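Engineer: Dumping the structure here so I can ask a few things about it.
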Amino acid sequence: MIIAVSGKGGVGKTAFTTLLIKALSKKTNSILVVDADPDSNLPETLGVEVEKTVGDIREELKRLIEKNEVPSGMTKFDYLKSKIYEILVETDNYDLLVMGRPEGSGCYCSVNNWLRQIIDNLSKYYEFVIIDTEAGLEHLSRRTTQNVDVMIVITDASKRGLGTAKRIKKLANELEVKFKDIYVVANKVKPEYEKLIEEYAKELNLNLIGKLPYNKEIAEYDLKGIPLWNLPEDNEVYKKVGEIAEKIIKK
Ligand SMILES: Nc1ncnc2c1ncn2[C@@H]1O[C@H](COP(=O)(O)OP(=O)(O)OP(=O)(O)O)[C@@H](O)[C@H]1O
Ligand SMILES: [Mg+2]
């Protein structure tokens, strides 16, 4: 099952993704996490060190091609594949791949196509693939050719935020990559506004799968740079993300 988490900047995608991985890892460790945000910060919230990104590998290969120094006896595809496997961070709970910087100007289409093929193939070994995306959706289709089973759009608790979620949903339907189910999660919702958010979501025909409260512990962990992965099991947002995970995998 491929799950992509999207939403506009700063709505809580990375926080949600971290807690979703934490919740799913209670069931299986067959999870591939892809940090597809060039301004990567998922490793920090997960509490792992990442030395190299897919972007670094792309740049290294570009340099080797330019200098005519690609290792002999190996195709460029195999070279890339071995490097991707090398930079994959393996933990007891999940494996993590960080995409890093996007391709710069100048088309290295074949390299990008190979990368896409390698990552798509790698994904097949896992029960779950979880992608933390950058704010725009267009990038996703450049990174994968596979269809996404579940897209979760995170939104802030505002009518405008839900409007953005609606636009993301519409855009998703126009992309080459297909999204089977699209759900919305409203984040930092005050209890007294829950009803209103539900009404707005209904008006907009959005499938609201969960509402998460503002949580001081999350704010404090992030402020102090403590990985959200280390949040206690009884953290109220974590518990709610767990319920959302259950709903998604039951589908
Ligand atoms: N439920 C919550 N309660 C309190 N603070 C939260 C909650 N969710 C997210 N935050 C805070 O909101 C900020 C943005 O969260 P996060 O980095 O997860 O968003 P993002 O959508 O991944 O941002 P970006 O678009 O920059 O990648 C962080 O400081 C985080 O601590
Ligand atoms: Mg983020």
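Engineer: Which residues, counting only those in segment 198-222, are near ligand 1 (Cβ under 10 Å from one of its atoms) and either of a type in the set (Asp, Glu) or open to solvent by 80 Å² or more (accessible area, probe 1.4 Å) (or both)?
Structural biologist: Tyr214, Lys216, Glu217, Glu220, Asp222 - these are the residues of segment 198-222 that are near ligand 1 (Cβ under 10 Å from one of its atoms) and either of a type in the set (Asp, Glu) or open to solvent by 80 Å² or more (accessible area, probe 1.4 Å) (or both).
Let's see how each residue does on (1) surrounded by 18 or more Cβ atoms within 10 Å (Cβ to Cβ); (2) near ligand 1 (Cβ under 10 Å from one of its atoms); (3) not in a helix (DSSP H, G or I):
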site: Ala4; (1), (2), (3): yes, no, yes
site: Leu19; (1), (2), (3): yes, yes, no
site: Val34; (1), (2), (3): yes, no, yes
site: Lys52; (1), (2), (3): no, no, yes
site: Leu61; (1), (2), (3): yes, no, no
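Engineer: Would you list the helices (runs of 4 or more DSSP H) that sit entirely within segment 134-251 and hold 2 or more residues that are within 16 Å of ligand 2 (Cβ to nearest atom)?
Structural biologist: Here the list reads 138-143, 159-174, 216-224, 236-250.
Engineer: If we keep just the residues of segment 152-194 that are basic (Lys, Arg) and in contact (Cβ under 8 Å) with a residue 40 or more places away in the chain, which is surrounded by the most Cβ atoms within 10 Å (Cβ to Cβ)?
Structural biologist: Ranking the candidates gives Lys188 first.
Engineer: For segment 223-251, what are the residues that are open to solvent by 80 Å² or more (accessible area, probe 1.4 Å) and modelled with pLDDT of 95 or more?
Structural biologist: Leu223, Lys224, Asn230, Glu233, Asp234, Glu236, Lys239, Glu243, Lys247, listed by residue number.
Engineer: Which numbered condition in (1) under 28 Å from Leu171 (Cα atoms); (2) more than 16 Å from ligand 1 (Cβ to nearest atom); (3) in a loop (DSSP other than H, G, I, E, B); (4) among the hydrophobic types (A, V, I, L, M, F, W, C) is the only one that Val11 fails?
Structural biologist: So the condition that Val11 fails would be (2).
Engineer: Filter segment 101-127 down to residues that are modelled with pLDDT of 85 or more and either among the acidic types (Asp, Glu) or assigned to a loop (DSSP other than H, G, I, E, B) (or both), then give me how many there are.
Structural biologist: 5
Engineer: Which of the residues spanning segment 21-32 are of a type in the set (Gly, Ala, Ser) and away from ligand 1 (no atom under 16 Å from the Cβ)?
Structural biologist: Ser25, Ser30
Engineer: List the pairs whose first member sits in segment 6-34 and is touching a residue at least 12 places away in the same chain (Cβ under 8 Å) and at positive phi, whose second member is among the aromatic types (Phe, Trp, Tyr) and within 16 Å of ligand 2 (Cβ to nearest atom), and whose Cβ atoms are under 9 Å apart, counting only residues at least 6 apart or on separate chains?
Structural biologist: Here the result reads Gly7/Phe16, each pair linking segment 6-34 to a residue that is among the aromatic types (Phe, Trp, Tyr) and within 16 Å of ligand 2 (Cβ to nearest atom).
Engineer: Follow-up. Please state which one of Asp56, Asp39 is over 11 Å from the mean Cα position of the chain (by Cα), surrounded by fewer than 20 Cβ atoms within 10 Å (Cβ to Cβ), within 16 Å of ligand 1 (Cβ to nearest atom) and acidic (Asp, Glu).
Structural biologist: It is Asp39.
Engineer: Among the listed residues Glu66, Glu44, which satisfies the condition of being acidic (Asp, Glu), more than 12 Å from Val111 (Cα to Cα), open to solvent by 40 Å² or more (accessible area, probe 1.4 Å) and more than 16 Å from ligand 2 (Cβ to nearest atom)?
Structural biologist: None of the others qualify; the one that does is Glu66.
Engineer: Right, here's the next one. Going by the structure shown, is Ile130 among the β-branched types (Val, Ile, Thr), more than 15 Å from ligand 1 (Cβ to nearest atom) and either within 19 Å of Ile31 (Cα to Cα) or at pLDDT 95 or above (or both)?
Structural biologist: Taking the combined requirement at face value, the residue does not satisfy it.
The values are calculated or read from the model by the stated rules, or taken from the named source; none is laboratory data. Values in this document were obtained by computation on a predicted structure and should not be read as measured data. As a convention, Cβ positions derive from the backbone with ideal geometry for all residues, glycine included, and neighbour counts pool all protein chains shown. These area figures cover heavy atoms from the full protein model, side chains too; ligands, DNA and RNA do not enter into them. Shrake-Rupley method; radii C 1.70, N 1.55, O 1.52, S 1.80 Å.
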